[in-house]
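Here is the structure we will look at.
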Amino acid sequence: MIEVGSGSGRNTRALVDAGIPVVSVPDSTPYTQLPGTRDNYGAALSTHAYLHGTGAKLRAGLAELRRVLMPGSPVFLTLGSIDDARYGLGTPLDERSFAPGDGEEAGIPHVYLDRDGVIEMLFGFAVTALEAVEVDDVVGSWAHGDDALGGRVHWFVEARRQ
């Protein structure tokens, strides 16, 4: 399994503790440059890496994920939703991407998608589950700081590499 954007390592630890071998890719490694050869991994997880970037970078990153996954491999991703309260705020970078002007993530691009946009971005993957989730209560302030904006909505995606 490959975990893209390992953050603090909480998911890596849980996977290892469950006996699942995992290659953990740190946040500092671009998701457009994943380790491994073609058809190298049997599964993928990313809870936050693919929220960040522009539409073009996300498309390139998902193509790179397809490259390193074996056909049929399950994929579990979190993507940004246009129903998120931050959609449209900050500096526009393309029709789907904005960089906040202040706060903890100032200047960090975020890409937001509607349902059709998620399906389009996941070219080469068969989507098996797609749910828009209000994540403020799921992740809490440890993930998004203590700002009062709220209204964060992410897509929780399950798919298989075709």
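Residues in segment 60-77 that are crowded, with 17+ Cβ neighbours inside 10 Å and over 18 Å from residue 42 (Cβ atoms): 61 only. For residue 15, state whether it is part of a strand (DSSP E or B) and of a type in the set (A, V, I, L, M, F, W, C). No.
Summed over segment 55-81, the residues that are in contact with a Leu (Cβ under 9 Å, 6 or more places away or on another chain), more than 15 Å from residue 157 (Cβ to Cβ) and hydrophobic (A, V, I, L, M, F, W, C) give a count of 1. Out of all the residues in segment 22-38, which are touching an Asp or Glu at 6+ places or on another chain (Cβ under 6 Å) and assigned to a strand (DSSP E or B)? The one that is touching an Asp or Glu at 6+ places or on another chain (Cβ under 6 Å) and assigned to a strand (DSSP E or B): 24. Right, residue 116: over 16 Å from the mean Cα position of the chain (by Cα), surrounded by fewer than 11 Cβ atoms within 10 Å (Cβ to Cβ), modelled with pLDDT of 95 or more and not hydrophobic (A, V, I, L, M, F, W, C) or not? The answer is yes for residue 116. Against the conditions (1) modelled with pLDDT of 95 or more; (2) more than 17 Å from the chain's Cα centre (by Cα), residue 31 satisfies every one except (2).
The number of residues in segment 55-111 being without any contact (Cβ under 8 Å) to a residue 24 or more places away in the chain, closer than 26 Å to residue 25 by Cα and either in contact with a Lys or Arg (Cβ under 8 Å, 6 or more places away or on another chain) or part of a loop (DSSP other than H, G, I, E, B) (or both) comes to 5.
The values are calculated or read from the model by the stated rules, or taken from the named source; none is laboratory data. The structure presented is a predicted model; accordingly, all values stated were derived computationally and were not measured. Note: ideal-geometry Cβ built from the backbone for every residue, glycine included; neighbour counts use all protein chains shown.
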